[in-house]
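Contents: one structure, followed by commentary.
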Amino acid sequence: GFIMAKVSVGRAPRQFLADRAWRLYPLWLIAVLPWLLMAPHRVPRSAASLTLWPIYGDAYALPALTVGWTLSFEILFYLAVAVALATRAAVPLATFAACFLLGLTTDSALFGFAGSPMILEFLLGVLIAGLKPNSRLALPLIASAGVVMLSAPLALFSLDVALVPDRALYRVVMWGLPSAAILYAALSLEQRMKGRAFDVPVLLGDASYSIYLFHALVLLG
């Protein structure tokens, strides 16, 4: 959410979506192909693996490479940003609010996905993009975030919890808010992290998408 708030400024919606698709799909398709070939899959799962769209009929389908479930939410957010660029931010926000309520009150897989509380984590990033850094708050925020995360039950971080709307809302509180605090703290300390000692962490950060997609295959091997 923070990055999209920064890179979308002044962009045409079509070009924004084209750039995000080029950033996301080529490496994803390379990463998911071995998982598709390892075993036969039903049509919804194969389709979700190739498109990263997870809703087929009234059911949620995980991609063969399961880490792709987070990318499905990224794509949903990209679409919302494109709509905001083409119209105004109130349009996707109102749509999300409606889907959020329907996701909590119905059994619809589509509304459960489109209105997932996970989207609130993206919106936290957008909010942080508009805040001024404050280095005096950095360490207290990191410490507070650590306490909250350590107090959260391990079951909270399972995939099943993330995909159930009411449980995902609790996850946002126990995981999303502390993560947002850490992000803001890191941004506030950014000027102190420009030395060579931080070259390796920055390199790992630049490679984070590749690491995310291929770590499971490496561990399996």
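The values are calculated or read from the model by the stated rules, or taken from the named source; none is laboratory data. Everything numeric in this text was worked out from a predicted model, so none of it was measured. Glycine gets a Cβ as well: all are built from the backbone with ideal geometry, and neighbour counts include every protein chain shown. Ligands, DNA and RNA are excluded from the accessible area calculation, which covers all protein heavy atoms including side chains. Shrake-Rupley method; radii C 1.70, N 1.55, O 1.52, S 1.80 Å.
Quick notes on this structure:
- Count of segment 1-13 residues which are assigned to a helix (DSSP H, G or I) and in contact (Cβ under 8 Å) with a residue 40 or more places away in the chain: 6
- Residue that is surrounded by the fewest Cβ atoms within 10 Å (Cβ to Cβ), among those in segment 4-55 that are within 21 Å of the chain's Cα centre (by Cα) and of a type in the set (Ser, Thr, Tyr): Thr51
- The helices (runs of 4 or more DSSP H) found entirely in segment 112-199 that carry 3 or more residues being closer than 23 Å to Glu74 by Cα and touching a residue at least 24 places away in the same chain (Cβ under 8 Å) are 118-129, 165-171, 177-188.
- Taking the listed residues Pro165, Pro178, the one that is in contact with a Gly (Cβ under 7 Å, 6 or more places away or on another chain) and either surrounded by 14 or more Cβ atoms within 10 Å (Cβ to Cβ) or at pLDDT below 90 (or both) is Pro165, with no other qualifying.
- Taking the criterion of being open to solvent by less than 70 Å² (accessible area, probe 1.4 Å), over 24 Å from Pro178 (Cα atoms) and out of contact with any Cys (no Cβ under 8 Å at 6 or more places or on another chain), the residues of segment 104-132 that qualify are Thr106, Ser108, Ala109.
- Scan of segment 44-80 for residues that are in a helix (DSSP H, G or I) and in contact with a strand residue (DSSP E or B) (Cβ under 8 Å, 6 or more places away or on another chain), ordered by number: Pro44, Ala47, Ala48
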